[in-house]
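The values are calculated or read from the model by the stated rules, or taken from the named source; none is laboratory data. All of these numbers come straight from a predicted model, not from anything done at the bench. Counting neighbours? That spans all protein chains shown, and the Cβs are built from the backbone with ideal geometry, glycine included.
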Amino acid sequence: MFLEFLRIAYGLAELTMPGTLSGAVLKDVPDKRMLIALRILGARNVVQGVATLATRGRLGPLGGMVDLTHAASMVGLAAVDARRRRPALLSASTAALFAAGELSGR
């Protein structure tokens, strides 16, 4: 349950203040496309967290697979786009951590 509340809070931060978290970590200002992507990912995290809570964790494993897919896509982006490499790897790391929590049943 804690993981889902953390996911929802993280998603709300991405949705309402895109770039604030990644900007603080990476010391970089996201461009307009990245801000849009962060808002979309924030919305997805909020929906995923609420859905997992509403189903009392039954959607956790499916959400973990979504997180792994996201992490893999970000690794792919990092491989082909040097300018977006650092934010993509940060996003991949975050998604991998969420996936680990979901797939471990925590």
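Quick notes
- Filter result for residue 24 (at pLDDT below 95 and closer than 19 Å to residue 13 by Cβ): yes
- Test: residue in the stretch 59-74 that is touching a residue at least 40 places away in the same chain (Cβ under 8 Å) and on the phi < 0 side of the Ramachandran plot: yes
- Listed conditions (1) modelled with pLDDT of 95 or more; (2) within 19 Å of residue 11 (Cα to Cα); (3) not aromatic (Phe, Trp, Tyr) are all met by residue 88, apart from (1).
- Within the stretch 12-20, at least one residue is modelled with pLDDT under 95, within 14 Å of residue 95 (Cα to Cα), within 12 Å of the chain's Cα centre (by Cα) and not small (Gly, Ala, Ser).
- Residue in the stretch 43-52 that is modelled with pLDDT under 90 and of a type in the set (Ser, Thr, Tyr) present: no
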